[in-house]
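Encoded as structure tokens, the structure appears first; notes follow it.
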Amino acid sequence: MEYQYWMANVTGIGNVTKRKLLACMGSAKAVYEADKTVLLATGLLREEIAEYVDRQKTYWRLSEEYESFLERKISFVTMESPEYPDMLREIYNAPYALYYLGTLPRQDERIMAMVGARRCSAYGQTMAEEIAAALGRAGFGVTSGMALGIDGASHRGCIRGGGKTYAFLGSGVDVIYPARHAKLYHEIIENGAVLSDFPPMTKPLPEHFPSRNRLISGIAEKTLVIEAKMRSGSLITADTAIEQGRDVLALPGRITDVMSEGTNHLIAQGAGIISGIDQLLADLEDLAGLDAIPSKGNAVQNLNLEKEELLVYSCFDFYAKGLEDVQRQTGLELLPLLSAVMRLSELGLIRETFKNQYIRLG
């Protein structure tokens, strides 16, 4: 592991070259023990690069560096380990090493990538949470980037559904970013893992995030985009997924919404359409051997709601709606309306997103 830790941190050669050296020489230890002449003989390095790699060994204190890393209580896995995620191993420019806190996904674990806008709508946040929760209940893992908005909602929803969730960071795994997600960061570690191909203490620089996006899509069988502008990191992730030979799905939105421009564009380009949670799970059953999940619609039918409650519930959808609009639509007096809203809220069928603004949850 000392040699693998050195290989993970040696500079001057990228992931693709490290992988080729590993295939050629068999192990990180063999690469470390090779001198400049042997490195040149592989035909993979130019003379100045071979000399630079060889020179790094003179100041790299093998055991001390590795012991110092172990003190951080951070785990890491390399391509030389059978625990390295097979899905990631398949992609171009796969990282030689991954640092992580938590538990790596099982090799047979089915994972869905979920990404979207940071400044998402209430509709987008709700759908991300509900879809991720359904996936979690069905035994799917969810991966995202722990950003504000859709990413965070996807992680929280999966945890709520009892699933495993995995966050790839654009920083070291010991750097919590954004700071507002400190609580979520620890919840993810307890219910999955935070991972990064950047060494510990690496700051979350802007140029790191496009690189980490390839890992979000790379570890998943499918990538689902919830909301996105036309020029956004979410569409970069979708493009990366396509390059990796993975399916891309998108949640349609209103054509007047800026945050739906990206997802509607993906659908126009041939992405799969999410028309309902039940439909998504049904499409995944053959792939993952999942059992069908009862829909909220069936649950509503079994709740024996009063006529006024059913009437009010039918007025809400996944876009926030004010009580004045509902009253105008139903013709109910204020007290019966408030009573119905309170009952629907208690049953978890609607949720207040802003003052007197509610959305449907299923």
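Output the antiparallel fraction of DSSP beta bridges having both residues in the chain, as a percent to the nearest 5. Among the beta bridges of the chain, antiparallel pairing accounts for roughly 40 percent. Phi angles of the range 333-349 translate, via the Karplus equation with coefficients 6.51, -1.76, 1.60 and θ = phi - 60°, into HN-Hα couplings of 5, 4, 5, x, 5, 5, 4, 5, 4, 4, 5, 5, 5, 4, 7, x, 8 Hz per residue; Gly and Pro are given as x. Helix 15-25 and the long axis of the chain differ in direction by around 50°, with both axes built from C-alpha atoms. Here CYS158, CYS315, CYS24 are placed in order of increasing Cβ neighbour count within 10 Å, fewest first, which gives CYS24, CYS315, CYS158.
Which whole-number percent gives the relative contact order of the chain, counting Cα pairs below 8 Å spaced six or more residues apart?
Relative contact order comes out at 12 percent.
Using only side-chain charges placed at the Cβ, +1 for Lys and Arg and -1 for Asp and Glu, the dipole size of the chain relative to its Cα centre rounds to 600 debye. When the range 2-102 is described by a simple charge dipole with +1 on each Lys and Arg Cβ and -1 on each Asp and Glu Cβ, the residue from MET25, LEU44, SER68 located farthest towards its positive end is LEU44.
Enter the Cα centre distance for the pair the range 190-256 and the range 310-350, rounded to the nearest angstrom. Between the Cα centre of the range 190-256 and that of the range 310-350, the gap is 36 Å.
Computed per residue of the chain from DSSP H runs no shorter than four, each worth -39500 (n - 2.57), the mean residue ellipticity at 222 nm is -13500 deg cm²/dmol. The local environment of GLU64, defined by Cβ-Cβ distances under 13 Å, has a net charge of -3 under the rule Lys, Arg +1 and Asp, Glu -1. In this rough spin-label picture, where each label sits 7 Å from Cα along the Cβ direction, the GLN56-MET230 distance is 4.2 nm. Scanning residues 5 or more positions from LEU249 or on other chains, those with amide H under 5 Å from its amide H are THR223, LEU224, VAL225, GLY272, with H placed 1.01 Å from N in the peptide plane. Given (i) 30, 22, 22; (ii) 47, 19, 18; (iii) 30, 25, 19, which label gives semi-axes √(5λ) of the Cα gyration tensor in Å as computed from the coordinates? Given (i) 30, 22, 22; (ii) 47, 19, 18; (iii) 30, 25, 19, the structure-derived one carries the label (ii).
The slack between ASP86 and GLU306, meaning 0.36 nm per residue of separation minus the straight C-alpha distance, is 74.0 nm.
Taking θ as phi - 60° and the Karplus parameters 6.51, -1.76 and 1.60, the scalar couplings of the range 112-126 work out to 10, 8, 10, 9, x, 5, 6, 8, 7, 7, 4, 4, x, 4, 4 Hz in sequence order, x denoting glycine and proline.
When LEU205, LEU284 are sorted by how many other C-beta atoms sit within 10 angstrom of their C-beta, beginning with the fewest, the order is LEU205, LEU284. If you take all other residues with their beta carbon under 12 Å from the beta carbon of LEU22, and give Lys and Arg +1 and Asp and Glu -1, the sum is +4. With the simple spin-label model, which puts each label point 7 Å out from Cα in the Cβ direction, the ALA30 to ASP257 separation comes to 5.4 nm. Under 25 Å of direct C-alpha separation, and excluding same-chain neighbours fewer than eight residues apart, LYS164 reaches these lysines: LYS73, LYS183, LYS222, LYS296.
Between helix 47-56 and the chain there is an angle of about 80 degrees, using the helix long axis and the longest principal axis of the Cα atoms. What are the ³J(HN,Hα) values, in whole Hz, obtained from phi via the Karplus relation 6.51 cos²θ - 1.76 cosθ + 1.60 with θ = phi - 60°, for each residue of the range 147-155 in sequence order, with x given for Gly and Pro? Here the 3J(HN,Hα) series is 6, 5, x, 4, 4, x, 4, 5, 4 Hz. For the pair GLU324 and ILE49, the difference between a 0.36 nm per residue extended length and the Cα-Cα distance amounts to 92.1 nm. Tell me which residues come under 5 Å, amide H to amide H, from ILE350 once H is placed; ignore anything under 5 positions away on its chain. For ILE350, the qualifying residues are SER345, LEU361.
For ASP283 and LEU70 in one chain, what is 0.36 nm times their gap in residues minus the Cα-Cα distance, to one decimal in nm?
Net length gain for the segment: 72.4 nm.
Between the exposed loop cleavage positions of the chain, defined as GluC sites (Glu not before Pro) in a non-H, G, I, E, B DSSP state with at most 15 neighbouring beta-carbon atoms within 10 angstrom, the longest gap is 91-206. Think of each Lys and Arg Cβ as +1 and each Asp and Glu Cβ as -1; about the Cα centre, that makes the dipole of the range 2-102 roughly 180 debye. Beta bridges from DSSP with both residues in the range 96-210: antiparallel share about 30 percent, rounded to the nearest 5.
State whether the range 154-260 is rounded, prolate or oblate according to the following rule on the C-alpha gyration tensor (a ≥ b ≥ c being the square roots of its eigenvalues): a/c under 1.5 gives rounded; otherwise a/b larger than b/c gives prolate, and the remaining case gives oblate. Prolate, since a/c reaches 1.5 and a/b exceeds b/c. When the trypsin sites (Lys or Arg not before Pro) in the range 317-362 are filtered for DSSP coil states and for at most 10 other beta-carbon atoms within 10 Å of their beta-carbon, the remaining sites are LYS355.
Rule-based calculations on the coordinates, nothing more; no lab input. Being a predicted model, the structure only gives us computed values, none of them experimental. Note: ideal-geometry Cβ built from the backbone for every residue, glycine included; neighbour counts use all protein chains shown.
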